[in-house]
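What follows is a single structure, written as C-alpha coordinates, with notes after it.
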Amino acid sequence: MNALAWNCQGLGSPGKIQFLQDVTRIEKPNFIFLSETISSYVKMEKLCHNLGYEGLIVVEPQGKSGGIAMLWKNAENVNLLSFSRSHIDVSVNKIGSNSWRLTGVYGEPERSQRHKTWELLRNLSRDANLLWCLVGDLNNVRSQSDKRGGHLYPNHLIEGFNECLQDTELHDLDIVGHQFTWERGRNTDHWIEIRLDRVLANSQWLRMFTMAKVYNLEVSPSNHSLLLLVPEEQTKGNKK
(Lines give C-alpha, C1' and ligand atoms only; values in the text may rest on other atoms or scores of the structure.)
Protein backbone atom coordinates (compact mmCIF):
# COMPACT_ATOMS: atom_id res chain seq x y z
CA MET A 1 0.00 0.00 0.00
CA ASN A 2 2.59 2.56 -1.10
CA ALA A 3 1.67 6.23 -1.01
CA LEU A 4 3.13 9.11 -3.02
CA ALA A 5 2.87 12.71 -1.78
CA TRP A 6 3.77 15.75 -3.89
CA ASN A 7 3.22 19.48 -3.74
CA CYS A 8 3.12 19.90 -7.51
CA GLN A 9 2.66 23.71 -7.46
CA GLY A 10 0.09 23.48 -10.22
CA LEU A 11 -0.60 20.86 -12.87
CA GLY A 12 -1.04 23.34 -15.68
CA SER A 13 1.89 22.22 -17.81
CA PRO A 14 2.01 19.01 -19.87
CA GLY A 15 5.53 18.47 -18.55
CA LYS A 16 4.36 18.09 -14.94
CA ILE A 17 1.58 15.71 -15.93
CA GLN A 18 4.02 13.61 -17.95
CA PHE A 19 6.44 13.63 -15.01
CA LEU A 20 3.71 12.36 -12.66
CA GLN A 21 2.73 9.68 -15.17
CA ASP A 22 6.36 8.53 -15.43
CA VAL A 23 6.83 8.38 -11.64
CA THR A 24 3.55 6.54 -11.20
CA ARG A 25 4.50 3.98 -13.82
CA ILE A 26 7.84 3.32 -12.11
CA GLU A 27 6.84 3.42 -8.44
CA LYS A 28 3.27 2.08 -8.78
CA PRO A 29 1.86 3.81 -5.68
CA ASN A 30 -1.53 2.66 -4.39
CA PHE A 31 -2.25 6.22 -3.25
CA ILE A 32 -1.28 9.63 -4.59
CA PHE A 33 -1.81 12.79 -2.54
CA LEU A 34 -1.33 16.05 -4.45
CA SER A 35 -1.33 19.55 -3.00
CA GLU A 36 -1.38 22.94 -4.70
CA THR A 37 -2.97 21.33 -7.73
CA ILE A 38 -4.58 24.61 -8.87
CA SER A 39 -6.82 22.34 -10.95
CA SER A 40 -10.56 21.77 -11.37
CA TYR A 41 -12.35 18.53 -10.62
CA VAL A 42 -12.73 17.86 -14.34
CA LYS A 43 -8.98 18.11 -14.91
CA MET A 44 -8.19 15.90 -11.93
CA GLU A 45 -10.77 13.35 -13.05
CA LYS A 46 -9.06 13.18 -16.45
CA LEU A 47 -5.68 12.74 -14.78
CA CYS A 48 -7.05 9.99 -12.55
CA HIS A 49 -8.38 8.14 -15.60
CA ASN A 50 -5.13 8.55 -17.53
CA LEU A 51 -3.12 7.18 -14.61
CA GLY A 52 -5.40 4.17 -14.36
CA TYR A 53 -6.71 4.90 -10.86
CA GLU A 54 -10.28 4.18 -9.74
CA GLY A 55 -10.74 6.39 -6.67
CA LEU A 56 -10.60 10.18 -6.51
CA ILE A 57 -11.36 12.95 -4.05
CA VAL A 58 -10.79 16.55 -5.15
CA VAL A 59 -10.96 19.78 -3.18
CA GLU A 60 -10.83 22.50 -5.81
CA PRO A 61 -8.60 25.56 -5.36
CA GLN A 62 -9.84 28.90 -4.11
CA GLY A 63 -9.07 31.29 -6.92
CA LYS A 64 -5.58 30.75 -8.33
CA SER A 65 -4.04 28.97 -5.36
CA GLY A 66 -4.44 25.78 -3.36
CA GLY A 67 -6.35 22.69 -4.31
CA ILE A 68 -5.71 19.13 -3.10
CA ALA A 69 -6.56 15.67 -4.39
CA MET A 70 -6.18 12.06 -3.38
CA LEU A 71 -6.17 9.24 -5.92
CA TRP A 72 -6.15 5.54 -5.18
CA LYS A 73 -5.81 2.42 -7.26
CA ASN A 74 -8.71 0.25 -6.08
CA ALA A 75 -11.98 1.95 -5.21
CA GLU A 76 -13.25 -0.81 -2.92
CA ASN A 77 -10.29 -0.44 -0.55
CA VAL A 78 -11.05 3.11 0.63
CA ASN A 79 -13.74 4.96 2.58
CA LEU A 80 -13.82 8.76 2.88
CA LEU A 81 -13.79 9.96 6.49
CA SER A 82 -13.53 13.75 6.13
CA PHE A 83 -12.04 16.54 4.04
CA SER A 84 -11.41 20.28 3.99
CA ARG A 85 -9.40 22.66 1.84
CA SER A 86 -6.34 21.50 3.82
CA HIS A 87 -6.83 17.74 4.21
CA ILE A 88 -8.33 14.53 2.87
CA ASP A 89 -8.83 11.72 5.39
CA VAL A 90 -9.64 8.13 4.36
CA SER A 91 -9.67 4.64 5.86
CA VAL A 92 -7.72 1.94 4.06
CA ASN A 93 -9.26 -1.51 4.13
CA LYS A 94 -7.11 -4.39 2.91
CA ILE A 95 -8.43 -7.95 2.93
CA GLY A 96 -6.58 -10.07 5.46
CA SER A 97 -5.03 -7.05 7.19
CA ASN A 98 -5.88 -4.39 9.75
CA SER A 99 -7.65 -1.28 8.55
CA TRP A 100 -5.72 1.95 8.89
CA ARG A 101 -6.18 5.63 8.30
CA LEU A 102 -4.37 7.75 5.72
CA THR A 103 -4.57 11.54 5.82
CA GLY A 104 -3.17 13.85 3.19
CA VAL A 105 -2.39 17.30 4.62
CA TYR A 106 -1.47 20.60 3.03
CA GLY A 107 -0.25 22.92 5.78
CA GLU A 108 -1.11 26.60 5.87
CA PRO A 109 1.46 28.40 3.67
CA GLU A 110 1.19 31.69 5.58
CA ARG A 111 3.22 31.69 8.76
CA SER A 112 0.67 33.84 10.56
CA GLN A 113 -1.94 31.13 9.87
CA ARG A 114 0.22 28.13 10.74
CA HIS A 115 -1.73 27.58 13.96
CA LYS A 116 -4.67 26.44 11.82
CA THR A 117 -2.66 23.42 10.66
CA TRP A 118 -1.80 22.52 14.24
CA GLU A 119 -5.46 22.76 15.26
CA LEU A 120 -6.46 20.63 12.27
CA LEU A 121 -4.09 17.87 13.38
CA ARG A 122 -5.36 18.10 16.94
CA ASN A 123 -8.98 17.84 15.78
CA LEU A 124 -8.20 14.88 13.53
CA SER A 125 -6.34 13.12 16.33
CA ARG A 126 -9.49 13.05 18.45
CA ASP A 127 -10.93 10.54 15.98
CA ALA A 128 -7.76 8.44 15.78
CA ASN A 129 -9.35 5.08 16.54
CA LEU A 130 -7.50 3.43 13.65
CA LEU A 131 -3.80 3.04 12.97
CA TRP A 132 -3.03 6.50 11.58
CA CYS A 133 -0.55 7.91 9.08
CA LEU A 134 -0.33 11.41 7.55
CA VAL A 135 1.52 12.49 4.40
CA GLY A 136 2.01 15.79 2.63
CA ASP A 137 3.45 19.28 2.70
CA LEU A 138 3.07 20.22 6.36
CA ASN A 139 4.76 23.62 5.83
CA ASN A 140 6.39 23.21 9.24
CA VAL A 141 9.86 22.39 10.53
CA ARG A 142 10.84 20.67 13.78
CA SER A 143 14.27 22.23 14.32
CA GLN A 144 16.76 24.64 12.81
CA SER A 145 18.49 21.64 11.22
CA ASP A 146 15.43 21.25 8.96
CA LYS A 147 16.56 24.39 7.10
CA ARG A 148 19.77 25.23 5.26
CA GLY A 149 20.53 28.72 4.02
CA GLY A 150 18.81 32.02 4.64
CA HIS A 151 17.67 33.35 8.01
CA LEU A 152 16.95 31.19 11.03
CA TYR A 153 13.46 29.75 11.16
CA PRO A 154 11.20 31.46 13.76
CA ASN A 155 11.53 29.54 17.02
CA HIS A 156 7.89 30.08 17.98
CA LEU A 157 6.80 28.18 14.87
CA ILE A 158 9.18 25.31 15.65
CA GLU A 159 7.89 25.16 19.21
CA GLY A 160 4.27 25.32 18.09
CA PHE A 161 4.68 22.43 15.66
CA ASN A 162 6.53 20.26 18.18
CA GLU A 163 3.83 20.92 20.78
CA CYS A 164 1.24 19.86 18.21
CA LEU A 165 3.05 16.59 17.53
CA GLN A 166 3.31 15.94 21.25
CA ASP A 167 -0.41 16.63 21.78
CA THR A 168 -1.43 14.39 18.88
CA GLU A 169 1.11 11.65 19.74
CA LEU A 170 2.39 11.65 16.17
CA HIS A 171 5.92 10.58 15.26
CA ASP A 172 7.98 12.08 12.43
CA LEU A 173 9.32 9.33 10.16
CA ASP A 174 12.91 9.61 8.97
CA ILE A 175 13.57 10.25 5.29
CA VAL A 176 15.82 7.97 3.26
CA GLY A 177 17.95 10.09 0.94
CA HIS A 178 18.26 13.88 0.78
CA GLN A 179 16.88 15.40 3.96
CA PHE A 180 15.40 18.56 2.44
CA THR A 181 12.22 18.50 0.35
CA TRP A 182 11.86 22.11 -0.85
CA GLU A 183 14.38 24.46 -2.36
CA ARG A 184 14.79 27.88 -3.92
CA GLY A 185 17.72 29.60 -5.61
CA ARG A 186 19.81 26.51 -6.43
CA ASN A 187 23.38 27.31 -7.49
CA THR A 188 23.12 30.90 -6.29
CA ASP A 189 24.28 32.69 -3.14
CA HIS A 190 20.65 32.63 -1.95
CA TRP A 191 20.08 28.86 -2.15
CA ILE A 192 17.66 27.74 0.57
CA GLU A 193 16.56 24.19 1.36
CA ILE A 194 13.89 23.20 3.90
CA ARG A 195 12.27 19.95 4.99
CA LEU A 196 8.61 20.89 4.62
CA ASP A 197 7.16 17.59 3.37
CA ARG A 198 6.74 14.80 5.90
CA VAL A 199 5.20 11.51 6.90
CA LEU A 200 3.78 11.32 10.42
CA ALA A 201 2.28 8.29 12.17
CA ASN A 202 0.93 7.23 15.55
CA SER A 203 2.47 4.45 17.64
CA GLN A 204 -0.20 1.91 16.65
CA TRP A 205 0.58 2.39 12.95
CA LEU A 206 4.32 2.14 13.58
CA ARG A 207 3.88 -1.11 15.52
CA MET A 208 2.07 -2.61 12.54
CA PHE A 209 4.44 -1.25 9.89
CA THR A 210 7.78 -1.68 11.63
CA MET A 211 9.71 -1.72 8.35
CA ALA A 212 8.09 1.41 6.87
CA LYS A 213 10.40 3.61 4.83
CA VAL A 214 10.00 7.15 3.44
CA TYR A 215 12.02 7.90 0.32
CA ASN A 216 12.82 11.34 -1.05
CA LEU A 217 12.59 10.97 -4.83
CA GLU A 218 14.31 14.38 -5.16
CA VAL A 219 14.11 15.19 -8.89
CA SER A 220 10.94 17.17 -9.61
CA PRO A 221 9.66 19.97 -11.88
CA SER A 222 8.25 21.58 -8.72
CA ASN A 223 10.22 23.27 -5.92
CA HIS A 224 9.06 20.31 -3.82
CA SER A 225 10.41 16.80 -4.22
CA LEU A 226 8.14 13.77 -3.98
CA LEU A 227 7.94 11.54 -0.91
CA LEU A 228 7.23 7.85 -1.34
CA LEU A 229 5.93 5.98 1.71
CA VAL A 230 6.54 2.23 1.57
CA PRO A 231 4.89 0.47 4.52
CA GLU A 232 5.73 -3.16 5.21
CA GLU A 233 3.37 -4.84 7.59
CA GLN A 234 4.94 -6.86 10.36
CA THR A 235 4.21 -10.57 9.88
CA LYS A 236 3.29 -12.89 12.74
CA GLY A 237 6.67 -14.57 12.43
CA ASN A 238 8.44 -11.28 13.07
CA LYS A 239 6.46 -10.25 16.13
CA LYS A 240 8.19 -10.44 19.49
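Each residue of the stretch 132-141 in turn: what ³J(HN,Hα) in whole Hz from Karplus with 6.51, -1.76, 1.60 and θ = phi - 60°, glycine and Pro shown as x?
In residue order, the calculated couplings are 10, 9, 10, 9, x, 8, 6, 6, 9, 10 Hz.
Going by accessible area, probe 1.4 Å, with all protein chains left in place, what is the ranking of Glu60, Glu183, largest first? Walk me through the numbers before you get to the answer.
Numbers: Glu60 95, Glu183 45 Å².
I get Glu60, Glu183, largest accessible area first.
Going down the list Lys73/Lys147; Lys43/Lys116; Lys46/Lys147, which pairs span over 32 Å between their C-alpha atoms?
On the way: Lys73/Lys147 34 Å; Lys43/Lys116 28 Å; Lys46/Lys147 37 Å.
From the list (Lys73/Lys147; Lys43/Lys116; Lys46/Lys147), the Cα-Cα distance tops 32 Å for Lys73/Lys147; Lys46/Lys147.
To the nearest 20 Debye, how big is the dipole of the stretch 18-60 about its Cα centre, given +1 on the beta carbon of each Lys and Arg and -1 on that of each Asp and Glu? Walk me through the numbers before you get to the answer.
Numbers: 4 positive and 6 negative charges, 25 e Å.
Approximately 120 debye in magnitude.
Using only the Cα atoms of the stretch 31-166, build the gyration tensor, take square roots of its eigenvalues as a ≥ b ≥ c, and label the shape rounded, prolate or oblate: rounded if a/c is under 1.5, else prolate if a/b is larger than b/c, else oblate. Kindly include the intermediate steps, with their values, before the conclusion.
Details: a/c = 2.25, a/b = 1.42, b/c = 1.58.
Verdict is oblate for the stretch 31-166.
Reachable aspartates and glutamates from Lys64, Cα under 20 Å, same-chain residues fewer than 8 places away excluded?
Counting by Cα, and skipping residues close in sequence, Lys64 has these aspartates and glutamates nearby: Glu36, Glu45, Glu108, Glu110, Asp137.
Pick out which of Ile88, Ile175, Ile158 has the largest mean-square fluctuation in a Gaussian network model of the chain, springs linking Cα atoms closer than 10 Å.
Of the options given, Ile158 has the highest mean-square fluctuation.
Out of the DSSP beta bridges found with both residues in the chain, what percent are antiparallel (nearest 5)? The partial results should precede the final answer.
Working: 44 of 58 bridges.
Antiparallel bridges: around 75 percent, rounded to the nearest 5.
Once you have a ≥ b ≥ c as the square roots of the Cα gyration tensor eigenvalues for the chain, tell me rounded if a/c is under 1.5, and otherwise prolate or oblate according to whether a/b is larger than b/c. If you can, show how the numbers build up before the last one.
On the way: a/c = 1.41, a/b = 1.10, b/c = 1.29.
Note, shape of the chain comes out rounded.
About the Cα centre, and with charges only on the beta carbon of Lys, Arg (+1) and Asp, Glu (-1), how big is the dipole of the stretch 124-164? Nearest 20 debye, please. Mind dumping the intermediate values first?
Values: 4 positive and 5 negative charges, 28 e Å.
Dipole of the stretch 124-164, to the nearest 20 debye: 140 debye.
In straight Cα distance, which aspartates and glutamates are under 13 Å from Lys213, not counting same-chain residues fewer than 8 positions off?
Within reach: Asp172, Asp174, Glu232, Glu233.
For the chain, report the accessible area per residue in Å² (1.4 Å probe, heavy atoms, rounded to an integer). Please report the intermediate quantities before stating the final value.
On the way: 11890 Å² over 240 residues.
Heavy-atom accessible area per residue stands at 50 Å².
Taking H as built 1.01 Å from N, whose amide H comes closer than 5 Å to the amide H of Val78, not counting residues under 5 places away?
Sorted by chain and number, the residues that satisfy this are Asn93.
Calculate the radius of gyration of the Cα atoms of the stretch 126-240 to one decimal place, then report Dmax, the largest Cα-Cα distance, as a whole number, both in Å.
In Å, with Rg to one decimal and Dmax whole: 15.8, 53.
Would you work out the charge dipole size for the chain about its Cα centre, treating the Cβ of every Lys and Arg as +1 and the Cβ of every Asp and Glu as -1, and quote it to the nearest 20 debye? All intermediate terms of the calculation are to be shown ahead of the outcome.
Values: 27 positive and 27 negative charges, 64 e Å.
The dipole magnitude comes to about 300 debye.
So, taking all protein chains as they sit and a 1.4 Å probe, how much accessible area belongs to Val219, in Å² rounded to tens?
So the heavy atoms of Val219 present about 110 Å² to solvent.
Return the Rg/Rh value of the stretch 95-188, two decimal places, where both radii are evaluated on C-alpha atoms and Rh is the Kirkwood radius.
Values: Rg = 15.1 Å, Rh = 14.9 Å.
The Rg/Rh ratio comes out at 1.01.
Just from its helices, what would the mean residue ellipticity at 222 nm be for the chain, if runs of 4 or more DSSP H residues each count -39500 (n - 2.57) and the sum is divided by every residue, rounded to the nearest 500 deg cm²/dmol? Each step should come with its number before you reach the end.
Values: 5 runs with 57 residues, N = 240.
Per the formula, -7500 deg cm²/dmol.
Can you give me the distance in nm between label points at Ser82 and Tyr41, each placed 7 Å from the Cα along the Cα-to-Cβ direction?
Each label point lies 7 Å from its Cα, and together they span 2.1 nm.
What part of the accessible area of the stretch 1-112, given as a whole %, is carbon or sulfur when the probe is 1.4 angstrom? Could you put the intermediate results ahead of the total?
Details: 2590 of 5110 Å².
Carbon and sulfur together cover 51 percent of it.
The values are calculated or read from the model by the stated rules, or taken from the named source; none is laboratory data. In this text, all values refer to a predicted model and were calculated from it rather than measured experimentally. Don't worry about glycine lacking a Cβ; one is built from the backbone with ideal geometry, like all the others, and counts go over all protein chains shown. Please note that ligands, DNA and RNA were not included when accessible areas were found on the heavy atoms of the full protein model with its side chains. Shrake-Rupley method; radii C 1.70, N 1.55, O 1.52, S 1.80 Å.
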